[in-house]
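So the structure is just underneath, and the comments pick up after that.
The values are calculated or read from the model by the stated rules, or taken from the named source; none is laboratory data. Keep in mind it's a predicted model, so treat the numbers as computed, not measured. Note: ideal-geometry Cβ built from the backbone for every residue, glycine included; neighbour counts use all protein chains shown.
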Amino acid sequence: MADPRFFDRAGPYSLAALAELSGARLLDPRDGERRFDDVAPLEIAGPGDVTFLDNRKYVDAFSRSRAGAAFVDERAVDKAPAGMALLIAPDPYKGFARAAQAFYPDRAAAPRRAASAIIDPTASVPSDCDIGAHVVIEAGVRLGARCRIGPNTVIGAGAELGEDCLVGANVTLSHCIIGARVVLHPGVRIGQPGFGFAPDPQGPVKIPQLGRVIIGDDSDIGANTTIDRGSGHDTVVGPGTMIDNLVQIGHNVVLGRGCILAGQAGISGSTKLGDYVMVGGQVGMAGHLRIGNGARIAATSGVMRDVEAGSTVCGSPAVPIALFMKQVAILQRLAKKKDGR
């Protein structure tokens, strides 16, 4: 059970209700009336909990689990312990995620304006927003309905946020237009100047950064991530994009819809990612690249060339993954020859 000091739990839910909201199918329809109180991992779940099996590495833990119900795919049915109700789903993790959202829904905004908050009289802040302590909202800012703004956050002049946004503590926003239902975790910095200079023998000459940051609906930006505003064109984050902690996005970068960027990735200026691109942790991308729709970049890769749509690349410099694995095999053979094996 999640710690009730930090998480509010809903439920209980019948298995039929969980199947309906997740799109899963009950292996035995007679289990539909069974009610469950919570979700939990395989190893600690009890009879009143729902769990899942998604990775085949955990089949043994699944077979020993005490969970009352589990999301699984067809291949795992015969590995289930006796008495466990099964929800059959093509993507068990996704089914479990939807069930977990039902048990632990987002908290609704509680209308509030902390006495220490400073709100410019020209800002538009609906009365149903939750404005935390020491928040600063500057001139011309527009917030959508039911936004929640965490303590010590500063929203610079003219910025706009759509409805139902959740902004964590110590966030800084400027020169940005943010869509609806966007989550900005603590320490996010959006709209600071991009890294633009003209070389000069007497020292670099700063180039004014005159663009904005546009963030699409339903995006999620991790803690301490930074997104620079454009130099002239806008920096764009497409709708439904998920960005991990400590990611750096340079000026004029464009991310398509539904992209996923893992922690410590860095994208240099003017690089464009298509829709549904997946970027592993600590990936570095040079500037002015084109990454095609559905491309996948393996962790720690250094991307210096364009990447074709649907391809997977790995290594530094990044190459197609089949070529990377061939290179690794050749190096291993050479190392064995050197050692006389």
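Annotation for region 279-298: no member residue is touching a strand residue (DSSP E or B) at 6+ places or on another chain (Cβ under 7 Å) and among the polar types (S, T, N, Q). Every condition in (1) modelled with pLDDT under 95; (2) in contact with a Cys (Cβ under 7 Å, 6 or more places away or on another chain) holds for Arg212 except the one numbered (1). With respect to the conditions (1) of a type outside the set (Ser, Thr, Tyr); (2) in a loop (DSSP other than H, G, I, E, B); (3) closer than 30 Å to Leu184 by Cα, Arg305 falls short on a single one, namely (3). Inside region 183-215, residues that are outside any strand (DSSP E or B), among the hydrophobic types (A, V, I, L, M, F, W, C) and surrounded by fewer than 18 Cβ atoms within 10 Å (Cβ to Cβ) make up a count of 3. Checking the stated criteria, Met285 turns out not to satisfy the condition of being of a type in the set (A, V, I, L, M, F, W, C) and surrounded by fewer than 19 Cβ atoms within 10 Å (Cβ to Cβ). If you go through region 131-145 and keep only what is within 21 Å of Asp106 (Cβ to Cβ) and crowded, with 19+ Cβ neighbours inside 10 Å, you end up with Ile131, Gly132, Val135, Leu143, Gly144.
Quick one: which of Ala223, Ala180, Ala169 is touching a residue at least 12 places away in the same chain (Cβ under 8 Å), in a loop (DSSP other than H, G, I, E, B) and not assigned by TED's automatic domain parsing to the domain that holds Ser268?
Result of the check over Ala223, Ala180, Ala169: Ala169.
Condition check: at negative phi, surrounded by 17 or more Cβ atoms within 10 Å (Cβ to Cβ) and not aromatic (Phe, Trp, Tyr). Does Pro92 satisfy that?
Judged against the criteria, Pro92 is a match.
Of all residues in region 206-232, exactly one satisfies the criterion of being within 12 Å of Leu173 (Cα to Cα) and of a type in the set (Asp, Glu), namely Asp228. Report yes if some residue within region 227-242 is among the hydroxyl-bearing types (Ser, Thr, Tyr) and surrounded by fewer than 18 Cβ atoms within 10 Å (Cβ to Cβ); otherwise report no. There is no residue in region 227-242 that is among the hydroxyl-bearing types (Ser, Thr, Tyr) and surrounded by fewer than 18 Cβ atoms within 10 Å (Cβ to Cβ). Listed by first and then second residue, the pairs linking a residue in region 27-56 that is in contact (Cβ under 8 Å) with a residue 60 or more places away in the chain to a residue that is assigned to a strand (DSSP E or B) and not aliphatic (A, V, I, L, M), with Cβ atoms under 9 Å apart and 6 or more places separating them unless they lie on different chains, are Asp38/Asp49; Val39/Asp49; Val39/Thr51; Val39/Phe52.
Screening the candidates Ala299, Ala295, Ala262 for the property of being more than 17 Å from Gly250 (Cα to Cα), in the same structural domain as Val237 (by TED's automatic domain parsing), buried (at least 17 other Cβ atoms within 10 Å of the Cβ) and not acidic (Asp, Glu) yields one hit, Ala295. For region 308-338, a tally of residues being surrounded by 13 or more Cβ atoms within 10 Å (Cβ to Cβ) and within 22 Å of the chain's Cα centre (by Cα) returns 5. Taking the criterion of being free of Cβ contacts under 8 Å to residues at least 24 places away in the same chain and of a type in the set (A, V, I, L, M, F, W, C), would at least one residue in region 82-91 satisfy it? Within region 82-91, one or more residues are free of Cβ contacts under 8 Å to residues at least 24 places away in the same chain and of a type in the set (A, V, I, L, M, F, W, C).
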